[in-house]
Amino acid sequence: MSTGPNRIMDEFAKLMTDAAGAAQGVRREIETAFNAQAERWLNSMDIVKREEFEAVREMAIKARDENEALLARIEALEARLASKTK
């Protein structure tokens, strides 16, 4: 076992190592608590996930395209009907 100044330095190094380990443990606990609270907060806001948003967006684009095609078809049929009645 060391004596004198070396022993003091060894004890100090051990104390610093223990303190660093404790600080890392506290940091992990704080991060976990923060992440859990943030997740609860976001869930309470009723926010949709990106994947769900993109899926609905694609459905809306497809529906709009189909509506435009149907509108063009109705206009063409109305024009044919109008030309036959004249």
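Every number here is computed from the coordinates shown, using simple stated rules; none is lab data. Since we're looking at a predicted model, the values are computed, not measured. Neighbour counts run over all protein chains shown; Cβ positions are idealised from the backbone, glycine included.
Write down the radius of gyration of the chain and its Dmax, each obtained from C-alpha positions, in Å.
Rg, Dmax (Cα atoms, Å): 34.7, 116.
Quick one: angle between helix 50-85 and the longest Cα principal axis of the chain, in degrees between 0 and 90, rounded to 10, please.
10 degrees
For the chain, what is the calculated [θ] at 222 nm in deg cm²/dmol (nearest 500), taking -39500 (n - 2.57) for each run of four or more DSSP H residues and dividing by its residue count?
Theoretical 222 nm ellipticity from helices: -32500 deg cm²/dmol.
Please get the size of the charge dipole for the chain, origin at its Cα centre, with Cβ charges of +1 on Lys and Arg and -1 on Asp and Glu, quoted in debye to the nearest 20.
In total the dipole reaches around 400 debye.
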